[in-house]
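Report on the following structure.
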There are 4 protein chains.
Amino acid sequence: MKALVYHGPGQKLWEDKPKPTLIHPTDAIVKITKTTICGTDLHILKGDVATVEPGRILGHEGVGVIEETGLSVSSFRKGDHVLISCITSCGRCSYCRKGMYSHCENGGWILGNTIDGTQAEYVRIPYADTSLYPIPSGMDEEALVMLSDIFPTGFECGVLNGEVHPGDTVAIVGAGPIGLASLLTAQFFSPAKIIMIDPDANRLEIAKEFGATDVINNRTVDVMQRIQLLTEEKGVDVAIEAVGIPATFGICQDIIAPGGRIANVGVHGKSAELHLESLWSKNITIRTRLVDTVTTSMLLKTVQAEKLQPSQLITHRFALSDIISAYDTFSRAAETRSLKVLLTNS
Amino acid sequence: MKALVYHGPGQKLWEDKPKPTLIHPTDAIVKITKTTICGTDLHILKGDVATVEPGRILGHEGVGVIEETGLSVSSFRKGDHVLISCITSCGRCSYCRKGMYSHCENGGWILGNTIDGTQAEYVRIPYADTSLYPIPSGMDEEALVMLSDIFPTGFECGVLNGEVHPGDTVAIVGAGPIGLASLLTAQFFSPAKIIMIDPDANRLEIAKEFGATDVINNRTVDVMQRIQLLTEEKGVDVAIEAVGIPATFGICQDIIAPGGRIANVGVHGKSAELHLESLWSKNITIRTRLVDTVTTSMLLKTVQAEKLQPSQLITHRFALSDIISAYDTFSRAAETRSLKVLLTNS
Amino acid sequence: MKALVYHGPGQKLWEDKPKPTLIHPTDAIVKITKTTICGTDLHILKGDVATVEPGRILGHEGVGVIEETGLSVSSFRKGDHVLISCITSCGRCSYCRKGMYSHCENGGWILGNTIDGTQAEYVRIPYADTSLYPIPSGMDEEALVMLSDIFPTGFECGVLNGEVHPGDTVAIVGAGPIGLASLLTAQFFSPAKIIMIDPDANRLEIAKEFGATDVINNRTVDVMQRIQLLTEEKGVDVAIEAVGIPATFGICQDIIAPGGRIANVGVHGKSAELHLESLWSKNITIRTRLVDTVTTSMLLKTVQAEKLQPSQLITHRFALSDIISAYDTFSRAAETRSLKVLLTNS
Amino acid sequence: MKALVYHGPGQKLWEDKPKPTLIHPTDAIVKITKTTICGTDLHILKGDVATVEPGRILGHEGVGVIEETGLSVSSFRKGDHVLISCITSCGRCSYCRKGMYSHCENGGWILGNTIDGTQAEYVRIPYADTSLYPIPSGMDEEALVMLSDIFPTGFECGVLNGEVHPGDTVAIVGAGPIGLASLLTAQFFSPAKIIMIDPDANRLEIAKEFGATDVINNRTVDVMQRIQLLTEEKGVDVAIEAVGIPATFGICQDIIAPGGRIANVGVHGKSAELHLESLWSKNITIRTRLVDTVTTSMLLKTVQAEKLQPSQLITHRFALSDIISAYDTFSRAAETRSLKVLLTNS
């Protein structure tokens, strides 16, 4: 089969690889029909993710069709349409038993990381019973690729960890795909205001279309001053960090109201300064999270109920075999105005 | 009357001051029977708390007897025994209505800060109906002075913010009075282990008597190594910071398990480094809090039920008129082995 | 002034009464600008509410303008536009301190019950600071009358007590004004399905316009069978009882899924059968509640943010002086297709 | 092997049965070392549990040693000491994924019900990875048999569902083994008062030894009057029903305070009257639950930490081969003063 293979920093090839086979009785082999590229894949390609070794097939998102199942897989059979979770969950370790699949002792984020991933014609999925989700018939596959990672991440790490309530004022720092996923799912809880903060005018425009009530271009506007104005000097109830650098985490600290919640979604490469000298008495909560994908079934229901249109994030479409071009488009996001690129294996 | 008055950094006098009088219809005048000294009072005397102006009577803890009440005070009358909360709550602003009295728009921490405090023979208490608590007859006044500040603080900022559950492993960094208050109230929730970390051998000894299952002297022992051993390499479920410096906040980050909660109790004078480069994916929660004293009634019940013996923290007793000596003893805590000093106005 | 006075079962008169005056320093006198009639007022007129004595001015909903304030009222002054809560809260008793204003030891539901109410040109509001809400300038007074009682009730007793989550299936039994208020506010949490059950075709039609995804006419359709179909035999996650009779409470028990929540909103005159023989093992939660109006400020924000249009419930408008006709229209709801009637004092 | 077999109402025999063998790759065969008898077993023997067919080996509690494991069992191997959960959990269905193992689509309460149980020398445990718990070395097996069912039930259905908080007043109606398990685990949360209500003087005596602060013999004392006295006319914060008949459920309704929680633990054979005519406005919560055994790991930790001594409930000990006598003793509990009987397979 063909697959996108990492060959060390800056090196990737669309090349022939052996088709995966069952290793454990809990495995399934899935034929990929759609997949996509994640910002994390770009990090890997920069050589930033030490766990990924050369020769690895990348990708941790996708939908497909069951090709083969191990002996003890009971929830799926050949031919079933499935959504692949970016997080593999064994369903039996203590972390899985408390819904923290991200820290599964036998899984977690392993696809396209420590085992071969989804940017390929076939993929082996360990613990298939608890790492795949059935796709109800009639649902749009394209939309569902967005439920492998980006929507659970925006929702769990941003919205749930930020405890968004009806009537709240929410700020989201970073209008990239993940910030926009938080924006779309924050609306499940009817906040009064959602303020999107980003330096890219195009993305702020999209944020408005996606439901932001206010936008702040932090390249040209004094964020603190504007937030004071928008919140009657109180600050925001929820600040969602969706970038992953000290400066944006700093903005969250500046604008948070007493009693507020800071939800960190961004992947950070270095430490940030925590202003305990002022925050110690502000009764705030800061939460971090690697997505657990515990809300995947719930998100599927909201898609079915048309409360969420995940395909809104898809800006470009490619054949899977054209994945090198897709990477190029996705990696030049500011220029190409890309959010998520969809890859179809036909 | 006599009172302990702040006269600028390093300057305090036990001197004559006019007896306070009612200003607002919601005020009460309380004759102090017992009071104590807080670590915060020492900070004020160093000149660290900018809001405290020379001439201010210090103190925000105490019990006493109602001397006089304003026209609209309905819950108390002359002669009632009362516990004074360190936090003044108007009961009507939006913060008070959601139980965040610490940020009361008309109160908060004002006693011995922006208005005269309790280290005096009499004190004026604003919003008496919602800032005083009736002392059930027969209860030990001495014990209750400890419910003005230190026990609600240890419990709300440490134990509740740390979400201590039965079976949890809890670490408390700092075995001063406030850390010990967290230790005593953490036991309300039956954690499996409470590990106390401090460089003072005497305080660790006390911690053991007070229920710590393990102690670590971080002057002589490698904390991280010891925690790994005690927790089967998992880290602690709850880390309570009860010192207020970057190093101890750093310890909390080092030892916290995935999914764990860091509760900050310490008063910080400067920022700390937050290791988002490792914590971003550890699903942790960090909470800060200025005590709200929303649990005062509940704590009173636990004292009545003998689930808590607050007087355990009292090591020294003085006449109120001897408060200068009391400050001396309290400020040399390592040497005098003092925890809380009790002052009686007779 | 003129007021609507109860004179025993079946007897009411629009008659002259003395204008109320301040009694306590915490009181305010409010000139009513808009008020409405509640189903409870009809119960009172039937003689069903023993606490209401002849001579009482009815009504517990309304908006108006502050005419005069007692000495200790600090949040309001003459001329302020205010929303009157149906629940009087002293803000100082133990129930108020924990947000259970409905059981306030000095208040609770007293307006138009044990003290004179709002169906009058003026009303005395005890504990004004904590029982009135400021109306932000520019907001529609008409809409806000609906926030005195019906929306907090539908939301707190129905939606919050039912713990509606995104993706849930919710059934509401009873499409009267209160059921419709639950329907409108349940949408704050983006449930996948909201099924409205009622025997009145007109009200079901309105329910559909208001966002019900499915309706069941329980006069003509087998509810159980239809729910099984709509929920893949699972039952509903949330059942909201908005009628107040044993039969409708029975429906809730029949249709609830394992793990589901039954929220009782209806006012019951007699006991109901609880099917513990099947429910004991179904892991369900049943909650009852007299509205606390703790969400009034939050609801105001959702109205400002246009997430809620409370005036949707208003079907008829009258001059306050024409209140007798308004009662007539409201009491013949099936015939007049009335939901809420609005009374204006001009 | 030998096993205790149900042969229709009133009929049971200790007889030869084939030793169980692996059926599915997720199965394990466990050699029973200790087991016990549950009140439910007595119900089965009366013919009250329709799902149990003649020929069935009874029993759903026990500890033992792994004899053999299916191909996909990864957490256990031959020779491991294990605790058997009374609830079988597949770990993969939607109920298991949300921690509601009681309603597992492939398991739930099946042992000694729809498949052969633990009152035998060997038992087949389906979904072994998620239905067995490893016993840490050095722990007392006897104590742990009590963690198969009775302690998780008393804790989850009684204490967690009743939301016991520090300082609360808790009433437990029924001082049988299950009520006593609630009593012992309620103390994890340091309530101020635990009032045990039962007509058996001996059991009330035991309740006092186990930590009840007050006891009421409802054969001789007016419960309502006594509760009023003990709670300053307020009623109890938590009422735990641990009997399973309308009368005791009625007591819970009578004594519950506004805002209180009623937790039903009892197995009910018929419906009860729910006094909505008074409860509708009392802001109460009623919860039912078939035990999920989600807290088994946590309970194991509290036993290791000596916060819980489960063997306190064991009053009688028998050889497994003497199970007929054990049943006799257990079924005449009032007379024999038995709580739990321990059966050892040696």
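The values are calculated or read from the model by the stated rules, or taken from the named source; none is laboratory data. From a predicted model like this one, the values you see are computed outputs, not experimental measurements. Cβ sites come from the backbone with ideal geometry, for glycine too, and all protein chains shown count toward neighbours. In case anyone asks, the SASA skips ligands and DNA or RNA and just uses the protein heavy atoms, side chains included. Shrake-Rupley method; radii C 1.70, N 1.55, O 1.52, S 1.80 Å.
Note on the stretch C:36-64: residues that are of a type in the set (K, R) and not in a loop (DSSP other than H, G, I, E, B) amount to 1. Annotation: B:T169 fulfils all but one of (1) within 12 Å of chain D (Cβ to nearest Cβ); (2) at positive phi; the unmet one is (2). Criterion applied to D:E163, D:E205, D:E141, D:E209 was being surrounded by fewer than 20 Cβ atoms within 10 Å (Cβ to Cβ), out of contact with any Leu (no Cβ under 8 Å at 6 or more places or on another chain) and at positive phi, and the one residue passing it is D:E163. Out of curiosity, is C:A305 more than 19 Å from C:K234 (Cα to Cα), open to solvent by 20 Å² or more (accessible area, probe 1.4 Å) and within 14 Å of chain A (Cβ to nearest Cβ)? Yes, satisfied.
Matching residues to (1) part of a loop (DSSP other than H, G, I, E, B); (2) among the β-branched types (V, I, T); (3) under 22 Å from the mean Cα position of the chain (by Cα):
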{"residue": "C:W14", "(1), (2), (3)": "no, no, no"}
{"residue": "C:P25", "(1), (2), (3)": "yes, no, no"}
{"residue": "C:V30", "(1), (2), (3)": "no, yes, yes"}
{"residue": "C:K34", "(1), (2), (3)": "no, no, yes"}
{"residue": "C:E68", "(1), (2), (3)": "no, no, no"}
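Taking the stretch C:328-346 as the range and being basic (K, R) and either more than 19 Å from the chain's Cα centre (by Cα) or surrounded by fewer than 22 Cβ atoms within 10 Å (Cβ to Cβ) (or both) as the test, the residues that pass are C:R332, C:R337. Scanning the stretch C:111-138 for residues being at positive phi and surrounded by 23 or more Cβ atoms within 10 Å (Cβ to Cβ) gives a total of 2. Which members of the stretch C:321-339 meet the condition of being in a helix (DSSP H, G or I) and aliphatic (A, V, I, L, M)? Those that are in a helix (DSSP H, G or I) and aliphatic (A, V, I, L, M): C:I323, C:I324, C:A326, C:A333, C:A334.
Set side by side, the residues A:T169, A:T220, A:T231 differ, and just one is more than 14 Å from A:L313 (Cα to Cα) and in contact with a Lys or Arg (Cβ under 6 Å, 6 or more places away or on another chain), which is A:T169. With respect to the conditions (1) among the charged types (D, E, K, R); (2) outside any loop (DSSP other than H, G, I, E, B); (3) out of contact with any helix residue (DSSP H, G or I) (no Cβ under 7 Å at 6 or more places or on another chain); (4) over 27 Å from A:I206 (Cβ atoms), A:R287 falls short on a single one, namely (4).
The number of residues in the stretch D:303-314 being more than 17 Å from the chain's Cα centre (by Cα) and either outside any loop (DSSP other than H, G, I, E, B) or on the phi > 0 side of the Ramachandran plot (or both) comes to 2.
Assess whether D:C96 counts as being under 20 Å from the mean Cα position of the chain (by Cα) and either without any contact (Cβ under 8 Å) to a residue 40 or more places away in the chain or more than 14 Å from chain B (Cβ to nearest Cβ) (or both). Don't jump to the end; show me each part of the working.
Details: under 20 Å from the mean Cα position of the chain (by Cα): yes; either without any contact (Cβ under 8 Å) to a residue 40 or more places away in the chain or more than 14 Å from chain B (Cβ to nearest Cβ) (or both): yes.
Spelling it out, D:C96 is indeed under 20 Å from the mean Cα position of the chain (by Cα) and either without any contact (Cβ under 8 Å) to a residue 40 or more places away in the chain or more than 14 Å from chain B (Cβ to nearest Cβ) (or both).
If you go through the stretch C:262-281 and keep only what is within 20 Å of the chain's Cα centre (by Cα) and not in a loop (DSSP other than H, G, I, E, B), you end up with C:I262, C:A263, C:N264. Might you check whether a residue that is closer than 24 Å to A:S102 by Cβ, aliphatic (A, V, I, L, M) and away from chain D (no Cβ under 14 Å) occurs anywhere in the stretch B:215-223? Looking for residues that are closer than 24 Å to A:S102 by Cβ, aliphatic (A, V, I, L, M) and away from chain D (no Cβ under 14 Å), one finds none in the stretch B:215-223, hence no. When you scan the stretch A:183-201, how many residues do you find that are open to solvent by 30 Å² or more (accessible area, probe 1.4 Å) and away from chain C (no Cβ under 14 Å)? Within the stretch A:183-201, residues that are open to solvent by 30 Å² or more (accessible area, probe 1.4 Å) and away from chain C (no Cβ under 14 Å) number 3. Just one of the listed residues (D:R287, D:R261) is surrounded by 24 or more Cβ atoms within 10 Å (Cβ to Cβ) and more than 14 Å from chain B (Cβ to nearest Cβ), and it is D:R261. Among the residues of the stretch A:290-302, the one identified as touching a strand residue (DSSP E or B) at 6+ places or on another chain (Cβ under 7 Å) and open to solvent by less than 10 Å² (accessible area, probe 1.4 Å) is A:T296.
Of the residues making up the stretch B:45-88, those that are among the β-branched types (V, I, T), within 14 Å of chain C (Cβ to nearest Cβ) and open to solvent by 10 Å² or more (accessible area, probe 1.4 Å) are B:T69, B:V73. The criterion of at least 1 residues that are touching a Ser or Thr at 6+ places or on another chain (Cβ under 7 Å) and of a type outside the set (G, A, S) is met, among strands (runs of 3 or more DSSP E) falling completely within the stretch C:120-224, by C:122-125, C:132-134, C:169-173, C:193-198.
For the stretch B:308-325, taking the residues that are touching a helix residue (DSSP H, G or I) at 6+ places or on another chain (Cβ under 8 Å) and open to solvent by less than 10 Å² (accessible area, probe 1.4 Å), the one that is farthest from the other protein chains (Cβ to nearest Cβ) is identified as B:L313.
Among the residues in the stretch C:236-252, are any assigned to a helix (DSSP H, G or I), open to solvent by 20 Å² or more (accessible area, probe 1.4 Å), without any contact (Cβ under 8 Å) to a residue 12 or more places away in the chain and more than 14 Å from chain A (Cβ to nearest Cβ)? Yes, there is a match, as at least one residue in the stretch C:236-252 is assigned to a helix (DSSP H, G or I), open to solvent by 20 Å² or more (accessible area, probe 1.4 Å), without any contact (Cβ under 8 Å) to a residue 12 or more places away in the chain and more than 14 Å from chain A (Cβ to nearest Cβ). Among the candidates D:G39, D:G91, the residue that is within 14 Å of another protein chain (Cβ to nearest Cβ), touching a residue at least 12 places away in the same chain (Cβ under 8 Å) and on the phi > 0 side of the Ramachandran plot is uniquely D:G91.
Residues in the stretch C:13-20 include at least one that is touching a helix residue (DSSP H, G or I) at 6+ places or on another chain (Cβ under 9 Å), without any contact (Cβ under 8 Å) to a residue 40 or more places away in the chain and either within 14 Å of another protein chain (Cβ to nearest Cβ) or open to solvent by 40 Å² or more (accessible area, probe 1.4 Å) (or both).
Quick check on C:T153: is it hydroxyl-bearing (S, T, Y), more than 14 Å from chain A (Cβ to nearest Cβ) and in contact with a Lys or Arg (Cβ under 9 Å, 6 or more places away or on another chain)?
Details: hydroxyl-bearing (S, T, Y): yes; more than 14 Å from chain A (Cβ to nearest Cβ): yes; in contact with a Lys or Arg (Cβ under 9 Å, 6 or more places away or on another chain): yes.
The answer is yes for C:T153.
If only residues of the stretch D:101-110 that are facing another protein chain (nearest Cβ under 10 Å) and open to solvent by less than 20 Å² (accessible area, probe 1.4 Å) are counted, the one that is farthest from A:R97 (Cα to Cα) is D:G108.
Please verify whether the stretch D:21-38 includes one or more residues that are open to solvent by 40 Å² or more (accessible area, probe 1.4 Å), under 30 Å from A:C93 (Cα atoms) and among the charged types (D, E, K, R). Yes, the stretch D:21-38 has at least one match. Has the stretch C:215-223 got at least one residue that is under 30 Å from A:L160 (Cβ atoms) and either open to solvent by less than 60 Å² (accessible area, probe 1.4 Å) or over 19 Å from the mean Cα position of the chain (by Cα) (or both)? No: zero hits.
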